[in-house]
Amino acid sequence: MADPAGAATPQRQSRRFLVLYALAVAGGAIAYVPLLTILLPVRVETLAGADSVRWLAILAFGGATVASLANILFGWLSDRTRNRRGWIVAGLVLSSVLLVMLAVPRDLPALVGLLLAWQVALNMMLGPLSAWAGDAVPDAQKGTLGGLLAFAPALGGLSGALVTIPGLASADNRLVLVAGLVVACVAPVLLFGNPARFPELMRPAPRTVTGSARRMLVARMWLARLLVQVAEAALFAYLYLWLRSIAPGITDSTTARIFGLVLLVSVPAALLTGRWADRHDRPIVPLGLAAGLAAIALAIMAAAPGLAMALAGYALFGLGASVFLSLHSAQTLRVLPRPQSRGRDLGLFNLTNTVPSLIMPGLTLALVPVFGFAGLFVLLAGLAGLASLLLLTARN
């Protein structure tokens, strides 16, 4: 159904849908960022005490595994049923209920079981939600969509700061507050999005396009995202410890402000870059350049003699990685050739978000004790540089 306000044209989706869809994706980030980075560790520490690190590792590994499988499953089911909205609604309701119920368990096995069930329900929403953009957003607007998606990590981080404001809510009520924020972000696109229909987006690409060149481009994009995500996951986990190794007086609040500022600056950069990609029909080039910027930044961080250069390098890395990841999410929809399996295929691409969490600890433990963080960053710079090379030399 076309937008009644007439915002959509036969070639362009309405701005209303793009904005509401990006808000819904931000709701997905709000669902897991404050829980996994703040609320869950606090809960585990209360129940496990000195054994918290081991239980958090179990939760992280189990959660990543279940989330990956559930994302593929529900993406595939939304392909088969041709009903994205129904799965999104079911996942939104079920995940919100389970999120609030995470306050109930009084022992760790029960908490693990409930968290894994929540991961399944959350990906019941996220898998079909990702595929819906492929059904509704033409290629000429995918760069703009990617820019809008940069709001998701920024709002995810901001929600963590919001729900933990002292005196705002008790530990249990913080979960209720997060669930309310998620519903408030996701429900509008379901109720008021009304996307225009584009039948051509539901037709498979011609065989001449789906040959070896297209498969090679898909493989390059998958591998490039995996390489950048490994670097991003390492920085996410060890930023604070690295900065403390350079400037022991730096605090966790300072680190959080730096992280938040980088995310905020990346939003307009991603929007401008995405619009440029749409205007010039060059979807892959900005991805290669953003990965290259991340590689240069990691090299600067490896060589940083003091805090000023370290922060400058991290700011560049955060900018490059954020632009890359937000635009890559949208441009992936362009290169997947089979609408009939779009949800499943996006689930397979989603492995690039979860596999790095399994790879990164081993790299860190192997390199940092011997070569320090500089050695780790040199390796990560090489990975990001390889990602840049893969994309800049790709045929598209």
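General remarks:
- The stretch 54-135 - percent relative contact order, Cα under 8 Å, separation 6 or more: 47 percent
- In percent, rounded to a whole number, the relative contact order of the stretch 15-202 is 44, using alpha-carbon pairs under 8 Å and six or more apart.
- Residue-averaged 222 nm ellipticity for the chain, from DSSP H runs of 4+ at -39500 (n - 2.57), nearest 500: -27500 deg cm²/dmol
- Centre separation in Å (Cα based) which lies between the stretch 45-98 and the stretch 137-180: 17 Å
- Selected from I258, L271, P361, residue furthest toward positive end of dipole (the stretch 212-392; charges at beta carbon): L271
- Label point at L389 placed 7 Å out along Cα→Cβ; residues across the stretch 213-240 whose backbone nitrogen lies under 18 Å: 217, 219-231
- Check: the chain dipole with +1 on Lys, Arg Cβ and -1 on Asp, Glu Cβ, in debye: 1180 debye
- Taking packing as the residue-averaged number of other Cβ atoms within 10 angstrom, the listed peptides 376-382, 364-370, 215-221 run from highest to lowest as 376-382, 215-221, 364-370.
- Kirkwood Rh in Å, taken over the chain so that all alpha-carbon pairs contribute: 21.6 Å
- Rounded to 0.05, the FRET efficiency of the N173 and R85 pair, given R0 = 22 Å and the Cβ-Cβ distance, is 0.15.
- Working from Cα pairs under 8 Å separated by at least six residues, relative contact order for the chain is 28 percent.
- For A219 and M101, the FRET efficiency from 1/(1 + (r/R0)^6), where r spans their Cβ atoms and R0 equals 41 Å, is about 0.50.
- Spin-label pair T65-I38: with each label point 7 Å from Cα along the Cα-Cβ axis, the two points sit 3.0 nm from one another.
- Here the label points at V378 and A184, each 7 Å from Cα along the C-beta direction, are separated by 4.9 nm in the simple model.
- Gain on full extension, evaluated as 0.36 nm per residue between I58 and H280 minus their Cα-Cα distance, stands at 75.3 nm.
- Here the calculated FRET efficiency for D51 and F371, from their Cβ-Cβ distance with R0 = 22 Å, stands at 0.15, rounded to the nearest 0.05.
- Model label sites at M309 and R257, defined 7 Å from Cα along the beta-carbon direction, differ in position by 2.5 nm.
- Under the span-like rule (Cα at least 30 Å along the axis, Kyte-Doolittle mean at least 0.5), DSSP H helices of the chain: 52-81, 108-136, 171-192, 212-246, 252-280, 307-335, 351-392
- Highest mean packing comes first when the peptides 311-322, 189-200 are listed by Cβ atoms within 10 Å, giving 311-322, 189-200.
Rule-based calculations on the coordinates, nothing more; no lab input. This is a predicted model, so every value here is computed, not measured. Every residue, glycine among them, receives a Cβ derived from its backbone with ideal geometry; neighbour counts consider all protein chains shown.
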